[in-house]
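Encoded as structure tokens, here's the structure I'll be asking about.
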Amino acid sequence: MGPVQSTQEIFEQLRGVLHELFEIDPAQVTLDAHLYNDLEIDSIDTIDLILRLKELTGRKIQPDQFRHVRTVGDAVNAIHALIQNKPAAA
Amino acid sequence: MNESGLVNRAWRVFATGFSFTCFGLGAVLLGFTVWPLLRLSSADRRVASARVQRAVSVSMRVFVWLMKSLGLLTYEVRGREKLAARGQFVVANHPTLIDVVFLVSFMPEVDCIVKQALWRNVFLRWPVYWAGYISNATGEGLIAACAAALAEGRSLMVFPEGTRTRPGEPLAFQRGAAQIALAAGRDLRPVTITCDPITLHKGNAWWRVPPRRPHWVIAVGDPFPSAGFLAAGEPQPLAARHLTQALVRWFDVSITQQLGKMRTETRPGGVNARDDSL
């Protein structure tokens, strides 16, 4: 992901990742879709999802930053915030 | 319902209460004496919990014997010898409250994944704690811990449903069991448990005994291969989904066949007998 991505682009990319990792129908992925209740992404999936996002963004992601993420919209915002900020010091 | 049927039913309500009281008292009593002593019998935690597990297994055998002797149940095990080897990853469906009692009674040493609620249960917390069973609440570390236990040659038992089956609802597995099999590179050992007439199921109070004495069939299946699911080059989360779906399909067929056979074989009159109580 480039540094100047809009939330819309992040959303589209997240859709792609969710399909690639979990075979989730992109039509189901809306901003207010609940990751666990609607998309059946469990806690183990979350770890894989964060790993994949790390690869894509090239940023360190602390699981803490995703602790409050419940919906796809929350995830998009969290990723957006991550990209806006300078990479965390290694 | 005739007189003897009513008397028998009343007896089974009483005897079930008696058995469960024995279970609870036994668990607390052993939980403060034999099990902690065994747990302290070796400085090596693994040796000690293996000893506790063997003792828990014996106490479960006694409990099954008690329920059978009181006329509360009958059961048969098919392919029991397949459970003898170490390092097995046993997955079973979970129709009734005492499934784990049967399985632990057949397996002297086995790590069980236990749902977090049972660690707060005043009776069950003792065997669960002293035998070193694994809580499902350990989160991220759970899969790795289970894979490590298998790699050490320990056997592991999981009910992928996470809780008892809700009768009438489609079989639903959580994906943890598949994740463990993939992480450990192990085949699964499926065990199909059926009970007819159903009793001690989800949402049913223990004192609501079935019209007839229930019969359990516990059938140990052949290894269910997991390797092919990763070989396709799929990311692990996707492979875990596909393996889980394949397991659910396998269990669906296996449970349906096993129940169908039980219903025709156990009825007086055989295949053509009809049961109007259902």
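Say we join alpha carbon atoms closer than 10 Å with springs in a Gaussian network model of chain B; which of B:Cys195, B:Cys146, B:Cys22 then has the biggest fluctuation?
Result: B:Cys22 has the largest fluctuation of those listed.
Right, another one. With a 1.4 Å probe, what is the total accessible area buried between chains B and A, in Å² rounded to the nearest 100?
In total, this chain pair buries about 900 Å².
Short version: which residues of the stretch B:158-186 lose at least 30 Å² of accessible area, all chains versus chain alone, 1.4 Å probe?
Correct list: B:Arg175, B:Gln179.
Residues of the stretch B:222-257 with accessible area at least 40 Å² lower in the all-protein-chain context than alone (1.4 Å probe)?
So the qualifying set is B:Pro237, B:Leu238, B:Arg241.
Longer than 24 Å from Cα to Cα, which of B:Lys82/B:Lys115; B:Lys82/B:Lys261; B:Lys68/B:Lys115 are they? Say none if no pair is.
Checking Cα-Cα distances, B:Lys82/B:Lys115; B:Lys68/B:Lys115 exceed 24 Å.
Work out which residues of the stretch A:14-45 lose at minimum 50 square angstrom of accessible surface when the other protein chains are put back, relative to the chain isolated, with a 1.4 angstrom probe, and list them by number.
A:Leu21, A:Glu23, A:Ile44
May I pose another question? Before rounding to the nearest 500, sum -39500 (n - 2.57) across all DSSP H runs of length at least 4 in chain B and divide by the residue total; then give [θ] at 222 nm in deg cm²/dmol.
-15000 deg cm²/dmol
Treating cross-link reach as a plain straight distance, find the lysines whose alpha-carbon is under 29 Å from the alpha-carbon of A:Lys54, omitting any fewer than eight places away in the same chain.
A:Lys86
Separate question: I'd like the antiparallel share, as a percent to the nearest 5, of DSSP beta bridges with both residues in chain B.
Among the beta bridges of chain B, antiparallel pairing accounts for roughly 30 percent.
Mind checking the per residue accessible area of the protein assembly as shown for me, 1.4 Å probe, whole number of Å²?
Averaged over the residues of the protein assembly as shown, the accessible area is 51 Å².
I'd like the distance separating the alpha-carbon centroids of the stretch B:137-183 and the stretch B:1-76, in whole Å.
Value for the Cα centre distance between the two parts: 24 Å.
Heavy atoms only, probe 1.4 Å: what % of the accessible area of the stretch A:35-77 goes to carbon and sulfur, would you let me know? Provide the component values of the computation, followed by the final result.
Details: 1140 of 2460 Å².
Ligands and nucleic acids excluded, carbon and sulfur give 46 percent.
Tell me which residues come under 5 Å, amide H to amide H, from B:Gln88 once H is placed; ignore anything under 5 positions away on its chain.
Residues meeting the criterion, in which the H sits 1.01 Å from N, are B:Ser155, B:Leu156.
With springs connecting C-alpha atoms under 10 Å apart, model chain A as a Gaussian network and identify which of A:Asp32, A:Asp45, A:Asp64 has the largest mean-square fluctuation.
Result: A:Asp64 has the largest fluctuation of those listed.
Only Cα pairs within less than 10 Å get springs; with that Gaussian network setup on chain B, which residue of B:Gly24, B:Gly141, B:Gly162 has the largest fluctuation?
For chain B, modelled as a Gaussian network with Cα springs under 10 Å, the answer is B:Gly141.
Next question. Taking H as built 1.01 Å from N, whose amide H comes closer than 5 Å to the amide H of B:Val191, not counting residues under 5 places away?
Amide H neighbours of B:Val191, under 5 Å, 5+ apart: B:Val91, B:Ala92, B:Asn93, B:Gly221.
Here's a follow-up. What figure, in Å² to the nearest 10, do you get for the accessible area of A:Glu40 with a 1.4 Å probe and non-protein molecules left out?
In the full protein context, A:Glu40 sits at about 120 Å².
What does a probe at B:Arg120 reach in the stretch B:152-188, counting residues whose amide N is under 18 Å from the point 7 Å along Cα→Cβ?
Residues B:163-164 fall inside that zone.
To the nearest 10 degrees, how steep is helix A:72-84 against the longest Cα principal axis of chain A, on a 0 to 90 scale?
10 degrees
Accessible area, 1.4 Å probe, largest first: how do B:Arg189, B:Arg51, A:Arg15, A:Arg67 sort?
A:Arg67, B:Arg51, A:Arg15, B:Arg189
The values are calculated or read from the model by the stated rules, or taken from the named source; none is laboratory data. Everything numeric here is computed off the predicted structure, so don't read it as measured data. Glycine gets a Cβ as well: all are built from the backbone with ideal geometry, and neighbour counts include every protein chain shown. These area figures cover heavy atoms from the full protein model, side chains too; ligands, DNA and RNA do not enter into them. Shrake-Rupley method; radii C 1.70, N 1.55, O 1.52, S 1.80 Å.
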